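The values are calculated or read from the model by the stated rules, or taken from the named source; none is laboratory data. Treat the numbers as computed from the prediction; the structure is a model and nothing was measured. Ideal geometry is used to build each Cβ from the backbone, glycine not excepted, and the neighbour counts take in all protein chains shown.
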Amino acid sequence: MNKWIKFFLVQKNSLKSRLMISALFMIFMVLPIIGITLNNAFEIQIRNAIKNELSAYSYSILAAAEVEQQQLYMPEQALDNQLNVSQTGLYALITTSSINNEILWRSKSLLGLSDPKNLPVPALGKSVYEEIELAGKTHLIYSFSVSFSDGKKSFPMTLHIIKDQTKFLAVIANFNQQLWTWLLVLMVLLIIVQSLWLIWTLKPLTVLKQDLAQVEQGKSPQLKQSYPQELLPVVEQVNLLLTTEQNQRQRYRNALADLAHSLKTPLAVIQSQQDLSPSSQEQVNIINQMIEHQLKRAQSAGQASWHLGIKIKPIANKIINTLNKIYVDKQLTISCALDEQASFKGDEADLMEILGNLLDNAYKAAKQQVALNVNCSPSELTLVIADDGQGIDEQQRALIMQRGMRADTYQQGHGIGLAIVRDLVNTYQGQLQIKKSSKLSGAMFVLTFPL
């Protein structure tokens with residue numbers, strides 16, 4: 001039971017689950033109520049039919065009764081043959097209309113049975129229809145009080161018609177079995193029809209989900225499927241948002257490229273001056289580094305590229321092939337374990353910047369081996385870059401992430417790459433950790449991104 005409760009709590013925000021639960025609630029509430037109502041109505045109808053039947057018997061018996069000198073006379077044989085045969089299930093008695101219930105006449109069908117006790121005594125001219133115990137079984141009894149007159153005095157008496165309700169209960173049981181069997185079949189059919197109806201009704205939402213996945217993975221720039229009128233405004237607004245975001249990002253990057261070009265040209269002229277002092281040259285280099293870092297950081301798509309999905313393996317292979325050519329003299333062994341389905345939900349340039357900087361540092365530090373592992377789970381993407389170099393001390397791990405800092409093991413570069421990686425990872429709400437590789441014994445960079 002607790003598992004089902006947890007399941008419904010988890011699924012409470014699902015539109016399909018809500019509709020299915022409400023439909024099942026209606027099916028399992030309405031149909032049983034209908035079944036109970038029909039069963040009660042049928043039972044009442046059968047009871048009323050038996051009452052009318054017993055009432056008809058009473059009139060036929062009373063029609064044959066005669067009273068003379070305060071004595072009741074009944075014919076030897078009753079009109080209904082069931083009253084003439086022992087224990088047929090239909091019985092008749094006539095008693096005095098008093099508390100003593102003195103029996104004046106009994107049908108032959110009561111032979112071999114004890115007289116019933118506590119017979120009802122309705123008021124004169126009234127009838128009572130209820131249940132009574134006879135021979136250890138429950139029977140239906142119809143009692144009717146009348147008064148005969150022999151010309152001098154009235155002769156009140158009560159006629160009791162008793163009927164075994166075994167057949168009545170069998171009819172009710174058979175009706176119940178048929179009713180609930182067909183209601184169960186109807187429930188199953190309604191559940192199947194309801195499920196098919198929900199699948200058909202919610203199919204546009206499923207298509208929308210798939211279409212969004214295509215956009216998110218970068219396979220489609222916009223939502224292209226056909227949707228019903230109710231979803232068209234949403235689809236149009238999403239497509240407008242995608243187009244606007246792409247255009248704005250492109251204009252932003254074009255403006256940054258123009259800015260970079262306009263800044264670097266004057267700096268290049270300054271650097272070419274022969275009389276430039278070493279301190280001035282150092283400051284110009286710092287300005288160059290700051291411009292490069294800030295421009296790359298600003299060009300990051302970050303959360304603005306939520307809709308993109310870039311396959312990691314082709315990008316990683318491209319970077320590794322390039323680095324293999326650059327560091328061909330080191331003759332490094334590269335081991336890659338890349339998830340075929342792993343994708344980076346961001347911009348391709350950002351992914352290349354992250355992998356390029358980390359792999360380049362690994363190539364520089366490695367002695368013989370570099371490892372790249374990419375794993376993708378439903379909740380997060382993990383990238384691990386490791387080498388068999390000297391590694392990074394714990395004291396250096398905090399410094400190396402700062403802009404302008406680099407580990408002593410690296411003989412090239414100015415350390416700005418790791419700062420860019422750090423900023424990009426933070427932009428995508430990821431985490432960057434520097435550890436020691438247990439297999440290669442060198443540095444290991446672990447990046448995790450939420451999905």
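Annotations
- Residues satisfying the stated conditions in region 439-450, i.e. farther than 16 Å from Asn375 by Cβ and not hydrophobic (A, V, I, L, M, F, W, C): Ser441, Gly442
- Within region 435-447, the set of residues being surrounded by fewer than 18 Cβ atoms within 10 Å (Cβ to Cβ) and either in contact (Cβ under 8 Å) with a residue 12 or more places away in the chain or β-branched (Val, Ile, Thr) (or both) comprises Lys436, Lys439, Ser441, Val446.
- Within the set Leu190, Leu242, the sole residue that is surrounded by 11 or more Cβ atoms within 10 Å (Cβ to Cβ), in the same structural domain as Asn288 (by TED's automatic domain parsing) and in a helix (DSSP H, G or I) turns out to be Leu242.
- Counting the residues of region 310-363 that are hydroxyl-bearing (Ser, Thr, Tyr) and surrounded by 13 or more Cβ atoms within 10 Å (Cβ to Cβ) gives 4.
- In region 173-224, residue farthest from Phe42 (Cα to Cα) [restricted to those that are among the small types (Gly, Ala, Ser) and at pLDDT below 85]: Gly218
- Which listed residue is over 17 Å from His160 (Cβ atoms) and surrounded by 14 or more Cβ atoms within 10 Å (Cβ to Cβ), from Leu104, Leu62, Leu38: Leu38
- Every residue from region 209-261 that is small (Gly, Ala, Ser) and without any contact (Cβ under 8 Å) to a residue 24 or more places away in the chain: Ala213, Ser220, Ser226, Ala255, Ala257
- Residues in region 85-101 that are without any contact (Cβ under 8 Å) to a residue 60 or more places away in the chain, surrounded by 13 or more Cβ atoms within 10 Å (Cβ to Cβ) and under 27 Å from Ser149 (Cα atoms): Asn101 only.
Condition check ((1) at pLDDT 85 or above; (2) not aliphatic (A, V, I, L, M); (3) not in a helix (DSSP H, G or I)) across all residues:
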{"position": "Lys6", "(1), (2), (3)": "no, yes, no"}
{"position": "Lys16", "(1), (2), (3)": "no, yes, no"}
{"position": "Met29", "(1), (2), (3)": "yes, no, no"}
{"position": "Phe42", "(1), (2), (3)": "yes, yes, no"}
{"position": "Asn48", "(1), (2), (3)": "yes, yes, no"}
{"position": "Glu53", "(1), (2), (3)": "yes, yes, no"}
{"position": "Ser58", "(1), (2), (3)": "yes, yes, no"}
{"position": "Pro75", "(1), (2), (3)": "yes, yes, yes"}
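- When Ser98, Ser22 are checked against the criterion of being assigned to a helix (DSSP H, G or I), in the same structural domain as Ala173 (by TED's automatic domain parsing) and either of a type outside the set (Phe, Trp, Tyr) or touching a strand residue (DSSP E or B) at 6+ places or on another chain (Cβ under 8 Å) (or both), a single residue qualifies: Ser22.
- Some residue of region 329-349 being among the polar types (S, T, N, Q), more than 26 Å from Gln222 (Cβ to Cβ), within 51 Å of the chain's Cα centre (by Cα) and modelled with pLDDT of 85 or more: yes
- Region 202-239, subset more than 25 Å from the chain's Cα centre (by Cα) and over 30 Å from Ile312 (Cβ atoms), residue surrounded by the fewest Cβ atoms within 10 Å (Cβ to Cβ): Gln229
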